[in-house]
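**Student:** A single structure is presented below for examination.
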Amino acid sequence: MKLERLISITYALLNHEVLSASELAEKYQVSQRTIYRDIEAICAAGIPVVSYQGVNGGYGIIKEYKMDKSLLGSNDIESLITLLHSTATVFKDDKTTETIHRLQTIQSDTNSPSLTMDLGSWRANNDDLYTLRSAISSRHVVRFDYMNGKDERSLRTVEPVSLLFKYYAWFLHGYCRARQDYRMFKLSRMTGLTALPEIFYRHHTTPPSDLSVANNGQRKMDDAVLHFTTGSMARALDYFYAEDKRFNEDGSLTIRVINPSDEDWLVTSILSFGEDVEVLEPPTLRQLIQNKIAKMLKRYEEV
């Protein structure tokens, strides 16, 4: 197709100093007259293609339009492409794809990347992420039902400011009209998300990158020491991969969770391992797990 050929010619010119009309005609299996027309179309699109006369003449793009390769090393370019690719797995963003293509034109190393990321594979509703990203860009108010950490459900109308991926989850930072203040909302607790026609004009500043996510007033806990049997160690390493680990002589695994900040998550995680885990410390957590198990058993007692 002509459009694909025009795009390909543009990137070829970005990657080479000069290309002759005959080289381009041979590459794309068209006549030189067609190449002349393609060059005119590329110029009309605002890309500064210049013609060089002489034996080694041809077409090229002025140097001022190209990104200087010396400004970015190969590792810098690879890191940027990796980050943008990871974003592209979540958001339907043509501008991101276009930026990736531009970076690839100055990427000298064509080997496979040493790092790949796929944020889209994380447990998240990509449609909601796309809706929020679009609402942030267009400054549209959003509305959704929200369940807070106290299991209280309420309808929220929010002026969205930014999205944040932290603590293995997506969060929305925005101005909540119900609370008349800024709040962090966990996307997994949102339902019925809708972007409203209303546009907000209030000026919001993006939160700092080290913005903490509130833990709903939970107290600071002592270190938790967990003992896992041989039948669940792989999953235990997945859940607690950043914690202190010790493999025991009998083949079992002991993990120390340092200063856990989310008691609900820790208790739920422990219970998910069933009989394959035992809480060794602290006594308060051990008692809490016992109480939870007792309540669960009571639910299944025969009437």
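The values are calculated or read from the model by the stated rules, or taken from the named source; none is laboratory data. Computed from a predicted structure; not experimentally measured. Counting neighbours? That spans all protein chains shown, and the Cβs are built from the backbone with ideal geometry, glycine included.
**Student:** Among the residues of the range 188-196, are any modelled with pLDDT under 90 and either in a loop (DSSP other than H, G, I, E, B) or at negative phi (or both)? Can you show your working first?
**Tutor:** From the range 188-196, those modelled with pLDDT under 90 are 188; that's our starting set.
Right, trim to either in a loop (DSSP other than H, G, I, E, B) or at negative phi (or both) and you get 188.
Yes - at least one qualifying residue is present in the range 188-196.
**Student:** When you scan the range 21-44, how many residues do you find that are surrounded by 15 or more Cβ atoms within 10 Å (Cβ to Cβ) and not in a helix (DSSP H, G or I)?
**Tutor:** Looking only at that region, the number is 1.
**Student:** Additional query: Is it the case that the range 128-148 has a residue that's acidic (Asp, Glu) and at pLDDT below 70?
**Tutor:** Here is the first cut: in the range 128-148, the ones acidic (Asp, Glu) are 128, 145.
From what's left, at pLDDT below 70: none.
No: zero hits.
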